[in-house]
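Below is one structure, written out as C-alpha cells; the observations come after it.
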Amino acid sequence: VGAALAAVGRFAIAKTTTQTLTATTQTVTTTSTTTNPDVDILWAGVSCGADYTLGVTAVTTALRWGNPMSEPTKLYIPQGLLWLRMFAGFSHSCGTTSFGNTICWGRNLEKQCDVPEGYTFRHLELGEAHTCGLTTSER
C-alpha cells in the first residue's frame with residue numbers, strides 16, 4: 001500500500017478496458033481514456049494505492065485507474081493543474097503541482113488531507129489515515 005514506482009518507463013495503454021502493467025505484474029482496470037490507445041505513454045511517475053493507481057505523464061498529465069472498493073472520491077483528481085507527482089494511499093490521494101503546491105483529496109475524517117501551510121513537499125507517504133511528507137528544505 002502506498003509504494004511508489006520510482007523508475008520512468010513506457011507502458012502501452014491497451015485498446016480494451018483491461019491492461020497489464022509489467023512493472024507491477026498486476027492486471028488493473030483502466031478508468032482513464034486516451035485519444036489514441038496505440039500510443040505509448042512516457043511516465044514521470046506512478047504510485048500504487050490499496051486498490052487503484054495514479055500516474056503522471058512526462059507532460060504533467062495525471063491519470064488514474066483501478067477499481068476502488070472504498071472511498072471512490074480518492075480517484076477524483078483536481079482538474080486544470082500541471083502535476084509533477086502523484087501519491088496513492090488507502091483512502092486518500094495527494095499530488096504536487098508544477099507550482100510546488102501539495103493538494104490532497106479523498107477521505108479526510110482524520111484530517112489526512114489537510115496539508116500544512118508554508119511547506120513545499122518533495123515526497124509524501126500515505127497510509128490509511130495519515131500522510132507524512134519530506135519537505136524541500138528537509139524540515
Among beta bridges assigned by DSSP with both residues in the stretch 91-139, the antiparallel ones amount in percent, to the nearest 5, to 100 percent
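Over all directions, the average projected area of the alpha-carbon convex hull for the stretch 38-135 comes to how many nm²?
Across all orientations, the stretch 38-135 yields a mean hull projection of 6.2 nm².
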List the GluC sites (Glu not before Pro) within the stretch 99-128 that DSSP assigns to loop and that have no more than 12 neighbouring Cβ atoms inside 10 Å.
E117
Surface per residue (accessible, 1.4 Å probe) for the stretch 38-135, Å²
48 Å²
Which ³J(HN,Hα) values in Hz, rounded to whole numbers, follow from the phi angles of the stretch 106-122 under the Karplus curve 6.51 cos²θ - 1.76 cosθ + 1.60, where θ = phi - 60° and Gly and Pro get x?
x, 5, 9, 4, 9, 6, 6, 9, 7, 7, x, 7, x, 10, 10, 9, 9
Sum up the charges of everything whose Cβ sits under 10 Å from the Cβ of A129, counting Lys and Arg as +1 and Asp and Glu as -1, but leave A129 out.
0
Exposure of H130 as accessible area (Å², to 10), given a probe of 1.4 Å and all protein chains:
100 Å²
Can you compute the charge dipole magnitude of the stretch 38-135 about its Cα centre, using +1 on each Lys and Arg Cβ and -1 on each Asp and Glu Cβ, nothing else charged? Give it in debye, rounded to the nearest 20.
140 debye
Counted charge near S91, where neighbours are those whose Cβ lies closer than 13 Å (Asp, Glu -1; Lys, Arg +1):
-1
The stretch 38-135 - percent of accessible surface contributed by carbon and sulfur, probe 1.4 Å
56 percent
Lys and Arg at +1, Asp and Glu at -1: neighbours of C113 with Cβ under 12 Å from its Cβ sum to 0
Output for the stretch 38-92: chymotrypsin sites (Phe, Trp or Tyr not before Pro) sitting in coil per DSSP, at most 14 other Cβ within 10 Å, listed by number, reads Y76
I'd like the chymotrypsin sites (Phe, Trp or Tyr not before Pro) in the stretch 96-139 restricted to DSSP loop residues with at most 16 other Cβ atoms within 10 Å, sorted by number.
F99, Y119
Taking θ as phi - 60°, what are the ³J(HN,Hα) couplings along the stretch 95-100 by the Karplus curve (6.51, -1.76, 1.60), each to the nearest whole Hz, with x for Gly and Pro?
x, 10, 9, 5, 8, x
Ranking C132, P116, G55 by how far each Cα lies towards the positive end of the charge dipole of the stretch 38-135 (+1 on Lys and Arg Cβ, -1 on Asp and Glu Cβ), the top one is P116
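The values are calculated or read from the model by the stated rules, or taken from the named source; none is laboratory data. On a predicted model such as this, the values are computed, not experimentally measured, just so you know. Every residue, glycine among them, receives a Cβ derived from its backbone with ideal geometry; neighbour counts consider all protein chains shown. Quick note on the areas: whole protein, heavy atoms, side chains included, nothing else; ligands and nucleic acids left out. Shrake-Rupley method; radii C 1.70, N 1.55, O 1.52, S 1.80 Å.
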